[in-house]
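This report refers to the structure that appears directly beneath it.
The values are calculated or read from the model by the stated rules, or taken from the named source; none is laboratory data. Computed from a predicted model, the values in this text were never measured in an experiment. When we count neighbours, we look across all protein chains shown, and the Cβ atoms used for this are built from the backbone with ideal geometry, even at glycine. Ligands, DNA and RNA are excluded from the accessible area calculation, which covers all protein heavy atoms including side chains. Shrake-Rupley method; radii C 1.70, N 1.55, O 1.52, S 1.80 Å.
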Amino acid sequence: MSAPMIEMKDVQKYFRVSKGLFKTSAEQVKAVDHITLSVEEGEIVGLVGESGSGKTTLARVLLSLTKMTGGEAVIDGVNLGKASHRDMDKLHREIAVVFQDPASNLNPRETVESSIMRPMIIHGVPRSKAKEKAKEVLEMVKMDLKYLDSFPHQLSGGQLQRIAIARALALSPKIMILDEPTSALDVSVQAQILNLLLDLQEQMHLTYIIITHDLNVIKYISDKIAVMYLGQLVEFGPADVVGNHPSHPYTKGLMDAAPILDPRDRGKEKEIMKGDPGSLIDLKSGCRFYARCRYATDECKDKDPDNVILAPGHQVACVHPLNIE
Amino acid sequence: MSEELLRLEHLSIDYKVKGGYLSAVNDVNLSVHRGEILAVVGESGCGKSTIAHSIMNLLPGGNEEIEGKIIFKGDDLRTYSRRQMEAIRGKDIGMIFQNPLDSLNPVYKTGKQVEEAILLDGIDRVQAWNKVLDLYRDVKMPDAEVRANSFPHELSGGMRQRVMIAMMLSRNPELLIADEPTTALDVTIEAQILEIIKDLKKTYDTAIMLITHNFGLVAEVADKIAVMYAGEVIEYGDVYEIFEKPLHPYTTLLMKALPRKTKHEGRLQTIDGNVPRILDKKPGCRFANRCPYAMERCQSETPPEIYVSEEHKCRCFLMEEGKEADA
Ligand SMILES: Nc1ncnc2c1ncn2[C@@H]1O[C@H](COP(=O)(O)OP(=O)(O)OP(=O)(O)O)[C@@H](O)[C@H]1O
Ligand SMILES: Nc1ncnc2c1ncn2[C@@H]1O[C@H](COP(=O)(O)OP(=O)(O)OP(=O)(O)O)[C@@H](O)[C@H]1O
Ligand code: SF4
Ligand code: SF4
Ligand SMILES: [Mg+2]
Ligand SMILES: [Mg+2]
């Protein structure tokens, strides 16, 4: 098998806790803590996990928007820590991103058309061709071409999100990192966008990391699902296994809390995970899910659980994994 | 039924844009009662946030034209002065905005921003700060004290959303408008926030307008649903009734686009075509170019709101013809 498209090894990103505008303390937020994960070419990895567990931070590390504080990441043969300017240029052309807050990444004084064209022009695409492409990608995200002249403040939340997706598509990337790409879309536009992403995967063999809290979306679109909890990867494996028969107690808690889709199911007993989200600052030794886990034993408290390989391509960081034959 | 708190009457809002007037909201008639949760769902760009901002009198100003009435506790808010609006904003009518980064000040600690809101109610500083910390814990913010001292960019997307929710809770408004309040929250925290919202409704009889694309939320908490398309409420009714038997062709198609399967079972069902960007209103049904049931009259006549029962209305000619959409 060829080398993975994205290979992370013990990736770490710690932040200092701020005390004032320019002051920091010795305490650290361990937003991403030793993540090891590979994504093959042409694969869709869905990344889910608790809010604040480090998903966006991990994406920012892969995009070189923030420097990792430890570990190694190799993307399409380029080692992020040791890359030359030329290598980084190549990567910037190949990886496209859709951020969680699309509005904050568009220039308020630029029209939709020039926002979409700008990255192409930076990468040397001739103006006339960039203009053509801008129209093409706007159509791909199902927006009326009349919006080309609009400014960001004139657009709705979901329209901004689609502009961000269009902009990412314009460079014909090899890899796309999408952070909550459909959170502001109604389900019919969402379906159109998900179908589009799948078409591109089939036709161009694109590689995706898709971050979302929508469990229906993640189960629908992913080949593999990666689950994060408090800065760590707790489970990684084939989508149908992780989605339907998870082995990590946190994953199970998450899947069990999935919202109902019919009001008549109200009041049906639903297992809601007990306990409050833990701290990323005051971390104790042992399993980070210990205080909330109903399967916990003393063993879990003393040492960090190792990654266990349950089946080829399915790993879990738990001493007592569930659903194993 | 409990007291009607908010009523929108023939509300229409147009934005002046290059080339004409964009009809963002058209002839909307809706009400919200005390202790009731009204979910507003619909196509992206159909005017939901525009309605929310108009109730708060927070439209950008300058390029919009409003018609109709926004009646809150019997008064038309459109006749209120700026001073009067400021007095009720936050206190009587609270709002959780769709994009927290737009409404949080990037250079102030988030806890200070919540404290500002609390101080408006004349509470002293020490008490106010303690209340901030309590609220942070209520919304399940980990490391409440550290987070209250964090700047917006130091928080995750879901943490910023929780700051917005804490800010709203601090004032305990009678009417809450929540515009996509939980998009960045995982399902367990979302479930806990829903409990808080249900509690508001039960304990304080708060009226809630919940704008969302998330049918899970609607199924969990809503009493009524308004479905919007291209600026209009095309269907309104009881949540059970609409989930069981949607009547408008757009609603039926929308419900079918929910991803309930995996990609190996095929592509998701979509609605062919795009929403038109409506410049300068003309007669006709706004869904006609995509509707599988469109008839000739749909192109030239505007369907009125037709009551199929006392509490269920639908803007579609099929209702007049006694036919049903069964896409
Ligand atoms: N610049 C920063 N300085 C300090 N802490 C930060 C910074 N950016 C993120 N963090 C912290 O890192 C942790 C992980 O944040 P991140 O945004 O990666 O979470 P997330 O998994 O994307 O969550 P969500 O689902 O809510 O978007 C959080 O505790 C957050 O407060
Ligand atoms: N300031 C403005 N000037 C011109 N047009 C605007 C302005 N604000 C919004 N619009 C347009 O009005 C329509 C309604 O926008 P609105 O933000 O109310 O939609 P929405 O229903 O909240 O959508 P979403 O679900 O995507 O957030 C959209 O077509 C949008 O492009
Ligand atoms: S290691 Fe122990 S505490 Fe952690 S998830 Fe597994 S069973 Fe629960
Ligand atoms: S009025 Fe006509 S076009 Fe509009 S939804 Fe009904 S059948 Fe379709
Ligand atoms: Mg995030
Ligand atoms: Mg909106």
Taking the range B:221-241 on its own, how many of its residues are buried (at least 24 other Cβ atoms within 10 Å of the Cβ) and facing chain A (nearest Cβ under 9 Å)? 1
All but one of (1) aliphatic (A, V, I, L, M); (2) within 14 Å of chain B (Cβ to nearest Cβ); (3) within 13 Å of residue A:170 (Cβ to Cβ) hold for residue A:130, so report the exception by its number. (2)
Look through the range B:278-287, keep the residues that are surrounded by fewer than 18 Cβ atoms within 10 Å (Cβ to Cβ) and assigned to a loop (DSSP other than H, G, I, E, B), and return whichever of them is modelled with the lowest pLDDT. B:280
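Here is a yes/no grid of residues against (1) facing another protein chain (nearest Cβ under 10 Å); (2) without any contact (Cβ under 8 Å) to a residue 60 or more places away in the chain; (3) more than 20 Å from residue A:137 (Cβ to Cβ):
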{"residue": "A:166", "(1), (2), (3)": "no, yes, no"}
{"residue": "A:179", "(1), (2), (3)": "yes, no, no"}
{"residue": "A:182", "(1), (2), (3)": "yes, yes, no"}
{"residue": "A:185", "(1), (2), (3)": "yes, yes, no"}
{"residue": "A:189", "(1), (2), (3)": "yes, yes, no"}
{"residue": "A:193", "(1), (2), (3)": "yes, yes, no"}
{"residue": "A:206", "(1), (2), (3)": "no, no, no"}
{"residue": "A:224", "(1), (2), (3)": "no, no, yes"}
Based on what the data block shows, is residue B:39 hydrophobic (A, V, I, L, M, F, W, C), assigned to a strand (DSSP E or B) and touching a Gly at 6+ places or on another chain (Cβ under 6 Å)? no
Within the range B:293-310, does at least one residue satisfy the condition of being farther than 17 Å from residue A:188 by Cα, of a type in the set (Lys, Arg) and surrounded by fewer than 17 Cβ atoms within 10 Å (Cβ to Cβ)? yes
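Residue-wise test of (1) open to solvent by 50 Å² or more (accessible area, probe 1.4 Å); (2) part of a strand (DSSP E or B); (3) within 25 Å of residue A:16 (Cα to Cα).
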position: A:35; (1), (2), (3): no, yes, yes
position: A:52; (1), (2), (3): no, no, yes
position: A:57; (1), (2), (3): no, no, yes
position: A:67; (1), (2), (3): yes, no, yes
position: A:81; (1), (2), (3): yes, no, yes
position: A:92; (1), (2), (3): yes, no, no
Scanning the range B:39-79 residue by residue, those open to solvent by less than 20 Å² (accessible area, probe 1.4 Å), aliphatic (A, V, I, L, M) and within 14 Å of chain A (Cβ to nearest Cβ) turn out to be B:39, B:40, B:41, B:51, B:52
When both residues are 6+ apart or on different chains and their Cβ atoms are under 7 Å apart, which pairs have a first residue that lies in the range B:296-321 and is within 20 Å of residue B:26 (Cβ to Cβ) and modelled with pLDDT of 95 or more, and a second that is of a type in the set (S, T, N, Q) and part of a strand (DSSP E or B)? B:305/B:29
Could you tell me which residue of the range B:123-140 is nearest to the other protein chains (Cβ to nearest Cβ), considering only residues that are open to solvent by 10 Å² or more (accessible area, probe 1.4 Å) and closer than 14 Å to residue B:190 by Cα? B:140
In the range A:261-294, residue farthest from the other protein chains (Cβ to nearest Cβ) [restricted to those that are outside any loop (DSSP other than H, G, I, E, B) and under 20 Å from residue B:189 (Cβ atoms)]: A:290
